[in-house]
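Each reported figure results from applying straightforward, stated rules to the coordinates on display, with no laboratory input. Given the structure is predicted, the values throughout are model-derived calculations rather than measurements. For neighbour counting, all protein chains shown are included, and Cβ atoms are generated from backbone atoms with ideal geometry for every residue, glycine included.
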Amino acid sequence: MIAVVGATGTGKSDLGIAIAERLRAAGRDAEIVNADAMQLYRGMDIGTAKLPPEHRHGIPHHQLDVLDVTDEASVAAYQRDARADVEAIQARGGVAVLVGGSGLYVSAVLFDLAFPGTDPELRAQLEREYDELGPGILLERLRTLDPAAAATIDARNPRRLIRALEIASRSEVVTPSLPSVPRPWRPARILHLHRDRAQLVEALHQRAARMFDAGLVDEVRALRDRGLEQGRTARAAIGYSQALEVLHGDATVEQAVEATGIATRKYARRQVSWFRRYADAEVLDVTGADRAGLTDAARRIVP
């Protein structure tokens, strides 16, 4: 297994394709397994920079378009399904190329992490308490049950706060975080893509502008008719929540582009911090690399 990880805008998808093509040219079958949580959703294409089928060069892709926007993404379900894909690819004699930047989802495949199940009744109760009492009381309760989780949780994110408290409130507490010395699930070569921060910041702003120019608002309008605003996870995706504000008349496209750029840069910082903890990863500096440069990198990775 080869894993291509890194922050948004570093060229993971292009490198993943180039590596798979190199493996195939060398006589090894190769298939790609997506590890971007938002690319799991059908119809969420522009705002997630999902490669269209014609750009996948005939290489099978797994864990794309497997959820409706009304579904809630679950890292536990993803771990089960993505690992099944990896096992099937390897059973066919192929190489699984894991590609994505959702840190917990990547780690769920690469390392021995266990995730507790959900408790619908408990979650519904916590959601009611959040609506009635606000985040403060729930955060205090989390501090009592799991101080470590409370110290790192974003209390402004109700979904994460409620999920953390749901886990902490159950007897079989398993903290879904990366251990200091994670144990690999299967042997894997991990490639961590790095791009100079100044270049990355500019690229992410341009990326946000391109998405809106490419019709992100129209994509979100169509997804809203399919229940996007009822989805707990999909509606909060970067770019999609900002496009919804445009449709609601609460922001202009220019304001949405700026807000999306800011949110993406903050997310990229969190990704960099997450993947920096992968001690065994090979760091590839892709500063200034275009698609041709990433293809050259693939030649060095797969001679």
The chain, relative contact order [Cα under 8 Å, separation at least 6], %: 29
Other-chain or far-sequence residues with amide H under 5 Å of residue 284's (modelled H): 192, 193, 194
CD proxy at 222 nm, helix term only [per DSSP H run n ≥ 4: -39500 (n - 2.57); per residue of the chain; nearest 500]: -15500 deg cm²/dmol
For the chain, the Rg and Dmax computed from alpha carbons only, in angstrom: 19.6, 60
Per-peptide average of other Cβ atoms within 10 Å, ordering 42-49, 157-164, 3-10 highest first: 3-10, 42-49, 157-164
Kyte-Doolittle mean at least -0.5, axial Cα span of 27 Å or more - DSSP H helices of the chain: 253-275
Assigned charges on the beta-carbon of Lys, Arg, Asp, Glu; the chain dipole about Cα centre (debye): 940
